[in-house]
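Student: Below are the structure tokens for one structure; questions will follow.
What follows is calculated from the coordinates using simple rules that are stated; it is not laboratory data. Owing to the predicted nature of the structure, the values given are computational and were not obtained by experimental measurement. Cβ atoms come from the backbone with ideal geometry, glycine included; neighbour counts cover every protein chain shown.
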Amino acid sequence: MKSIIGRKMGMTEVFAADGTMYPVTVIEVLPNVIVGKKTIEKDGYEALKVGYEDIAERRLNKPELGVYKKAGVAAKAHLFELKGEEIYGKNVGENLTADLFQAGEVVDIIGTSKGHGYSGVIKHYGAHIGPKGHGSGYHRQIGSLANNGRDNNRVIPGKRMSGHWGDEQTTLLNVTVIETSAEKNYILVKGGIPGAKKGLVMIRSAILKQFGKPEVKPLVDLAKKGE
């Protein structure tokens with residue numbers, strides 16, 4: 001198991017040498033700097049504390065800045081915990097880079113879904129709209145909350161009602177890595193992933209293992225072709 005932090009930059013498409021087209025999401029993966037370790041003896045579990053993206057020291061308070069000064073690294077804008085046996089052996093001050101994953105690997109993507117604000121049942125769940133004419137007073141309301149004679153003193157939990165939609169942690173399982181580059185700090189994964197553009201995501205080894213390794217055909221090297 002291994003994991004790394006990146007930032008969703010948007011979607012594009014790439015072509016394999018035989019013309020196969022892959023719709024991909026571009027994830028910017030700057031070096032994840034290790035600033036500390038969680039140990040079983042002290043914390044009850046093992047994990048790495050990593051900082052992501054440089055930031056001016058004046059933007060942090062003293063406790064936050066102290067974490068980076070103790071590790072002897074530059075101040076970072078974001079601090080995360082990453083778990084995984086394959087990365088826990090690294091030391092404070094070292095970096096995790098985009099080549100931690102290779103083309104063909106299957107990963108999970110964890111991000112924050114797009115926020116839609118306060119939404120009604122028609123927009124959120126696709127409920128049917130009421131009559132629009134003939135004096136009807138029912139248009140976009142939720143409808144009956146009756147429970148068919150069961151627990152009539154309350155609304156059964158889980159009822160689809162209006163409320164906050166989105167802006168919550170979402171995990172997309174079994175996503176194929178198409179290409180990685182530590183020099184240019186990016187990872188390309190097949191298809192879309194959770195969250196809006198510029199949103200932070202975590203890439204980890206797939207929890208639900210697939211049978212076999214997905215076939216990823218070699219991409220066309222556009223730089224060598226002068227395109």
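Student: Mind jotting down the distance between the C-alpha centroids of the range 42-92 and the range 131-177, whole Å?
Tutor: That distance is 41 Å.
Student: Shifting gears a bit: Dipole of the chain (Lys/Arg Cβ +1, Asp/Glu Cβ -1, origin at the Cα centre): which of Ile109, Leu65, Met161 lies farthest to the positive side?
Tutor: Projecting each Cα onto the dipole axis, the largest value belongs to Met161.
Student: Nearest 20 debye, what's the magnitude of the dipole of the range 1-126 about its Cα centre given +1 on Lys and Arg Cβ and -1 on Asp and Glu Cβ?
Tutor: 740 debye
Student: Just checking my list [x] -0.46, -0.74, -1.04; [y] -0.34, -0.59, -0.97; [z] -0.42, -0.66, -1.06 against log10 I(q)/I(0) by the Debye sum over Cα atoms at q = 0.08, 0.11, 0.15 Å⁻¹ computed from this structure; which label fits?
Tutor: Among [x] -0.46, -0.74, -1.04; [y] -0.34, -0.59, -0.97; [z] -0.42, -0.66, -1.06, the one derived from this structure is [x].
Student: What is the fewest-to-most order of Val14, Val177, Val155 by other Cβ atoms lying within 10 Å of their Cβ?
Tutor: Final ranking by Cβ density, sparse to dense: Val155, Val14, Val177.
Student: A follow-up question, please. Within 10 Å, count the other beta carbons around each residue, average over each peptide in 65-72, 4-11, 156-163, and list them highest first.
Tutor: 4-11, 65-72, 156-163
Student: Give the angle, between 0 and 90 degrees and rounded to the nearest 10, that separates the Cα long axis of helix 62-71 from the longest principal axis of the Cα atoms of the chain.
Tutor: 40 degrees
Student: How far apart, in nm, are the 7 Å Cα→Cβ label points at Lys69 and Ile122?
Tutor: Going by the 7 Å Cα→Cβ label model, 5.8 nm.
Student: Sorting His139, His128 on the 10 Å Cβ count, fewest up front, what's the list? Present the calculation step by step, with values, prior to reporting the outcome.
Tutor: Details: His139 10, His128 7.
By the 10 Å Cβ count, ascending: His128, His139.
Student: Quick one: if you stick a label point 7 Å off each Cα along the C-beta vector at His134 and Ala182, how many nm between them?
Tutor: According to this spin-label approximation, the distance is 7.1 nm.
Student: Next question, about the same structure. Determine, for Leu30, Leu173, the number of other Cβ atoms within 10 Å of each Cβ, and report the residues in order from fewest to most.
Tutor: Ranked by crowding around the Cβ, least crowded first: Leu173, Leu30.
Student: Okay, moving on. Given points 7 Å out from each Cα along the Cα-Cβ axis, report the Phe15 to Glu41 separation in nanometres with one decimal.
Tutor: Spacing of the two 7 Å Cα→Cβ label points: 5.8 nm.
Student: A further question on this structure: Enumerate the calculated ³J(HN,Hα) couplings along the range 23-31 in order (Karplus 6.51 cos²θ - 1.76 cosθ + 1.60, θ = phi - 60°), each rounded to whole Hz, writing x wherever the residue is Gly or Pro.
Tutor: Working through the residues one at a time gives x, 10, 9, 8, 10, 6, 10, 6, x Hz.
Student: Separate question: Please name whichever of His139, Asn95, Tyr45 sits farthest to the positive end of the charge dipole of the chain, dipole taken about the Cα centre and charges placed at Cβ: Lys and Arg +1, Asp and Glu -1.
Tutor: Towards the positive end, the residue furthest out is His139.
Student: Using +1 on the beta carbon of Lys and Arg, -1 on that of Asp and Glu, and nothing else charged, what's the dipole of the chain about the Cα centre, debye to 20?
Tutor: Approximately 960 debye in magnitude.
Student: Is the shape of the range 119-166 best called rounded, prolate or oblate, per the rule: a/c under 1.5 gives rounded, else a/b larger than b/c gives prolate, else oblate, with a ≥ b ≥ c the square roots of the Cα gyration tensor eigenvalues?
Tutor: Verdict is oblate for the range 119-166.
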